[in-house]
Amino acid sequence: MRGRSGGSSYAGDAANALSDGEKLAMLDDLEQSGLGWFWASDEAGNLTYLSAAIAERVDLPLGDLIGQPLSSIFESASREGRTKSLALMLGAHKAFSGFALRAVKKPDGAVLRLSGQPVFSKSGDFRGFRGTGADITEEFYREQETARLAKFDSLTGLANRHHMAHRIETTLTAFKSAKRNCAILMLDLDRFKQVNDTLGHAAGDELLKQVATRLGRAIERECEIGRLGGDEFQVMIPDCDDRGELGDIAMKIIDMLRQPYSLDEGRCVIGASVGIAIAPHDGVTMDEIVRSADLALYAAKNGGRGQYRFFSGDLENEAIFRRRLEEDLGEAVRDNQLFLEYQPIVDTKTQQVRCLEAQVGWNHAQRGAIVSEEFAQILDGSSQTSEVGLWSIKEACRNAAEWPESVRVSVNVAPALLNSQDFVERVSDALTDAELSPARLELEITEAVFFGDTNAVDRILASLFKLGVRLTLDEFGSGYSSLAYLRRAPFDSIKIDEGLIAEADRNTERRGDGDDASGLGLIRAIVALAGAMEMNTIANGIETEALNKALVECGVKYVQGPIYSDPVSGTTVAEELTGDAWKIAPSGDRTKRARRRTVFRKIQVIHDDHSYEVTLRNLSRSGALIQGLVDVPKGTQFVVDLGGGQLAVATVIRTNDDTQGLEFEQNLIDDGSGGLVTRNRVSPYALASAGAPLAALSQGNYAGMEGGLLGQTGSVPQFGYATAMKPEAA
């Protein structure tokens, strides 16, 4: 034991034998090696010593650092993790360790880890700090990247599914107590699978990166954007319940995402559908609001490509019913429940009907007649697409055989049907069975058919051309519409995309003279291109006389749309074609049926302290027509309860017996699917404070309140009910 003790004493004596100079030299060697750096500050927090290696590493002159407050030289290297500032730590006069810092003047420079120990005099007075430092730049960024990958999508750099769920949950929790709004947008890319299948997964990955970049540019306000996986994206926009603004954002996203993409493997065009839900109106918890946005997205996709949809309380029933319709579709084909309507295509010079576009409808046993526009939404993506398409061609040929030889029939062909192995043979059989000349059958195809095996498509189109049928390239201008398609395929006509027609219509209405380079200029260019390639042009969806006149002046050869005729039955077509040539003149400004849909449902209107049940017969952006009250003078103000928390202030501008015409104080806005909604809704938080349970009002369940949104029908009404419209008789 004594030997060991003696040995220990000898080692200690040897260490103590080092001179102060040798100790400083050893300390200097340690600093120069990078194994340890040192710093010191005085009681005021000013730097009194700093290893020269630290100054060198942060790329700042040592002389500029000595004497400066340490808290003004360094700042926290990360916004997350430690939240205490260096100044607070130094001011507390307590030891600290492992604090990651970077120089204030070099925010992108080296990252240091500092530790410090307070120094006190024998009397207990604070004298400053002494501490050590180390360079952890590589380690810091490696850990930061690991943390980032746990929260963000490695392909696009957007938040991943887990991080978005966490952000939405924490935001909604905080916003619930603060009674704030938050919007959730669900996005799904249209035709993305075709890009993956035809151009490869590398092209699909590059496309997703470009989509992420465009999303960031499309939303010009505070938001969180995430990729949930595949082609699904999610956006959280805090403090926004203005459905007008949200609709504009959704439409901007849709417009930006459908612009052409340039990839190494080629060019492509996709689209997007958007579903929108708003907390607390459409849900309070994360699960509720995301489910509502999902249902809205499902409805938007069923409504057709490139649409947005707001959540409403009846969407779940609508989704269930639509799935049942899809299941019944096979039976509809087998049991001859389908029918054709025809929309005339008119020669602009003679106003004669030269062609009739066949559109499929469905006589459903419970739903009744499902017209072509809604049926197309049900059919889209269904396994029955090809079967319905072949039935349409066969039925259209059979009907057209009874028409004059000067009138053709046009049928839309889905890409899946065109690419089927026996398509040309089936078309030939339909013509033969109907004894119809091939030149009287016109097949409309979109550029989507070229996303697959182009050589196979070329062979099919060549075979159809040899058969003698006419070919039309539909939706020209919806994407980039490569000229290679027109040079390579034997098209007879180009049908201009309705989006271009609608843009030209807006520009014509805005300017009033029809001369607008951004709208009609592009249509003139398409007409010139078609003329140079000896093709005809067709413009669809025309609704106003000004636009019709402008398109005729541009040289468009054929036109169709509501201003000429909505789709009509086969019986009407047969009657119109029995006499002389069928001519149709444009008749005033007429919009599509979906835009002028009449309404017939019970609602409540409120005046003073009384609530009345009336029938809503008509609804437009600026007003409504109600029925059921008598003795209502002009100038009377009502609050119209349109359901789901939608209240609109309106004034009576016309009154006739039991019917009143109302003008809204603030116009309604589009709901993305042809309907109208109020810009804002009554907050469920406000209703909850008045006694209604918040849970009962989530997901649009305002009907859960006894007596409706604003109470029971007035017991002593100021206005009388029409006899047939009394609530007890309704």
Mean separation of Cα contacts under 8 Å, 6 or more apart, over the residue count of segment 121-266: relative contact order %
27 percent
Pair residue 64, residue 492: separation of 7 Å Cα→Cβ label points (nm)
7.8 nm
Can you give me the distance in nm between label points at residue 40 and residue 177, each placed 7 Å from the Cα along the Cα-to-Cβ direction?
4.7 nm
Spin-label point model (7 Å from Cα, Cβ direction): what's the residue 620 to residue 364 distance in nm?
3.0 nm
Would you list which aspartates and glutamates come within 19 Å of residue 193, measuring only between C-alpha atoms, while excluding same-chain residues fewer than 8 positions from it?
205, 206, 231, 232, 264, 265, 380, 447, 453
Compute the length gained on full extension between residue 210 and residue 267: take 0.36 nm times their separation in residues and subtract their Cα-Cα distance, giving the result in nm to one decimal.
19.3 nm
Translational diffusion coefficient, Stokes-Einstein: compute it for segment 334-480 using the Kirkwood radius over C-alpha pairs as Rh, at 20 °C and 1.002 mPa s, and state it as an integer in µm² s⁻¹.
134 µm²/s
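No lab work stands behind these numbers, since they all come straight from the coordinates. What you see is a predicted model, and the numbers here were worked out from it, not measured in a lab. Because the Cβ atoms are built from the backbone with ideal geometry, glycine has one as well, and the counts that use them run over all protein chains shown.
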